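Notes to accompany the following structure.
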Ligand SMILES: CC(C)(COP(=O)(O)OP(=O)(O)OC[C@H]1O[C@@H](n2cnc3c(N)ncnc32)[C@H](O)[C@@H]1OP(=O)(O)O)[C@@H](O)C(=O)NCCC(=O)NCCS
């Protein structure tokens, strides 16, 4: 699925950018963009420890492409467990990194990537998305720290920046513990543990997905 964005109806013939599934051809440009926007220290972030050596969640890696084909934005989501509810792991998604080429900041690319990613995660039946980021930015998409008080990262983190969006109302209620990766491993380090979020079936009863809540 892709989405074409326009400044206005008057300029409808000239799409500014499109949101498309990430392909292998995007990888080099994506990594260069992330280095440029976030610096080389990005690899030392605690979130990166959850992503390292893993593949993004199925169908949940997106690129923003300019009209000239240049990659101008990226966002990916990863399978994790968001602690446990009782004895049962809480499958969820970790979002990040989100980055947009500085030449395109404030043109709506970041927002379009976020809304597309959230919509696809909901469509695929995921119950919650977590991330580490600025509440001032992610609040507009419905993320807050309200549901993460009993959750932590597997390394240094600022609790007020650990945010969640419950796609299913109350999905994270009772979830306690440390986020851990369950995304498929990259091919070079496959160990056979691909069960990941498919352990979902045994989740707490209340974690049925009763309603979809997406705030823009
Ligand atoms: C954050 C980022 C992805 C936003 O991309 P974008 O395409 O400029 O976003 P949008 O055009 O949809 O929204 C821009 C708005 O968000 C605001 N904004 C951007 N970053 C913000 C932040 N950290 N805190 C609060 N507001 C922020 C802008 O000021 C702008 O506000 P306005 O609409 O009132 O002018 C981009 O600034 C970026 O790549 N930053 C560096 C990497 C980063 O910090 N990533 C997030 C952590 S994973």
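Values in this text are rule-based calculations from the coordinates and carry no lab data. This one's a predicted model, so the numbers in the text were calculated from it and none came from an experiment. Cβ sites come from the backbone with ideal geometry, for glycine too, and all protein chains shown count toward neighbours.
Below is a table of values for the structure above.
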{"read-out": "Filter pass, residue 180 being in contact with a helix residue (DSSP H, G or I) (Cβ under 8 Å, 6 or more places away or on another chain), within 12 Å of the ligand (Cβ to nearest atom) and in contact (Cβ under 8 Å) with a residue 40 or more places away in the chain", "value": "no"}
{"read-out": "Within the range 98-136, tally of residues that are away from the ligand (no atom under 12 Å from the Cβ), surrounded by fewer than 22 Cβ atoms within 10 Å (Cβ to Cβ) and closer than 25 Å to residue 39 by Cα", "value": "0"}
{"read-out": "Meets criteria (touching a residue at least 12 places away in the same chain (Cβ under 8 Å) and within 16 Å of the ligand (Cβ to nearest atom)) for residue 175", "value": "no"}
{"read-out": "Conditions (1) assigned to a helix (DSSP H, G or I); (2) in contact with a helix residue (DSSP H, G or I) (Cβ under 9 Å, 6 or more places away or on another chain); (3) more than 19 Å from residue 147 (Cα to Cα): number failed by residue 63", "value": "(1)"}
{"read-out": "Some residue of the range 74-84 being outside any helix (DSSP H, G or I), within 14 Å of the ligand (Cβ to nearest atom) and under 16 Å from residue 180 (Cα atoms)", "value": "yes"}
{"read-out": "Residue within the range 103-115 that is touching a residue at least 24 places away in the same chain (Cβ under 8 Å), over 26 Å from residue 177 (Cβ atoms) and assigned to a strand (DSSP E or B) present", "value": "no"}
{"read-out": "Filtered residues of the range 159-172 (kept if surrounded by fewer than 16 Cβ atoms within 10 Å (Cβ to Cβ) and either without any contact (Cβ under 8 Å) to a residue 24 or more places away in the chain or not in a loop (DSSP other than H, G, I, E, B) (or both))", "value": "159, 160, 161"}
{"read-out": "Single residue of 28, 49 found to be free of Cβ contacts under 8 Å to residues at least 40 places away in the same chain, more than 19 Å from residue 107 (Cα to Cα) and surrounded by fewer than 20 Cβ atoms within 10 Å (Cβ to Cβ)", "value": "28"}
